[in-house]
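The numbers here are math on the coordinates, done by the rules we state, and not lab data. No experiment lies behind these values; they were computed from the predicted model shown. Cβ: placed from backbone, ideal geometry, glycine included. Neighbour counts: every protein chain shown.
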Amino acid sequence: MPSLIVLAGPSGVGKGSVVAALRALDPSVWVSVSWATRARRPAEVDGVDYVFVDEQTFAAEAARGGFLESAEYAGHHKGTPRRAVQEHLAAGRPVLLEIDVQGARQVRASDPDALLVFLAPPSRAELEARLRGRGTDDDEVIARRLAIADVEMAAAGEFDAVLVNDDVEAAARRLLALVRGAEV
Ligand code: 5GP
């Protein structure tokens, strides 16, 4: 049974909603909270959605090897704190990382046993509609996220499993089955 699970997929695909639904189904799965240097969105809570830090603090943490993986995304940095992940794995809990494709590749390189799951939108039009519907980003940011999404979609074949997020509950159930070591 894999104990380190990566959920990647384009921004706006609904990773956060699927992870929340998964946690409701099985609270024993521990979800890592990343550090991020981008601005906090109004609905986000510091320490819950991300630990929000400035670029200098992030760089210092990266320099001392504090991140299991990290990536630059749309001009800002995000990273997974190494110690918390290791502590939960050592305690025997499944750990889920919700990160981007660059980060997924780093995890694969450092831990070949990690399970890499790609969450795909039902279609590109649906992804664009979700990014716009979120109402948090302006046109330029959305265009950047869609361009990144196109590159990320091309990487789906590198993953152990691809889940289509046509229904949040159903996707969460299939993800939980993967976490528990079943084939879907
Ligand atoms: P957002 O800015 O919309 O919250 O996230 C943008 C992208 O960054 C998403 O694909 C998200 O999964 C990814 N991301 C969030 N945290 C991390 C992290 O710690 N590492 C990496 N590599 N990507 C992350």
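Side notes on the structure shown:
- Counting only Cβ charges, +1 for Lys and Arg and -1 for Asp and Glu, the dipole size of the stretch 4-179 around its Cα centre is about 260 debye.
- Taking every alpha-carbon pair under 8 Å whose residues sit at least 6 apart, the chain reaches a relative contact order of 36 percent.
- If the segment from Asp166 to Arg23 were pulled out straight at 0.36 nm per residue, it would be longer than the present Cα-Cα gap by 49.6 nm.
- Here the relative contact order of the stretch 4-98, from alpha carbon pairs under 8 Å that lie six or more residues apart, stands at 40 percent.
- Sequence of Thr80, Thr57, Thr37 once ranked by neighbouring C-beta atoms within 10 Å, starting from the fewest: Thr57, Thr37, Thr80
- Label-to-label distance for Val45 and Ala154 is 3.9 nm, based on points extended 7 Å past Cα in the beta-carbon direction.
- ³J(HN,Hα), Karplus 6.51/-1.76/1.60, whole Hz, each residue of the stretch 160-168, x for Gly, Pro: 6, 8, 10, 10, 8, 8, 8, 8, 4
- The stretch between Ala90 and Ser123 holds 8.0 nm of extra length on full extension. This uses 0.36 nm per residue minus the Cα-Cα distance.
- Long-range amide H partners of Val31 with built H, under 5 Å: Leu96
- Under 5 Å between amide hydrogens, built in the peptide plane, is the criterion, and for Ala120 it picks out Leu163, Val164, Asn165 among residues at least 5 positions away or on other chains.
- When the Cα convex hull of the stretch 1-84 is projected onto planes of every orientation, the mean area is 6.3 nm².
- Amide H contacts under 5 Å for Glu69, placed H, 5+ residues apart: Thr80
- Estimated from the Cβ-Cβ distance and a Förster radius of 45 angstrom, the FRET efficiency linking Ala63 and Ala147 is about 0.90.
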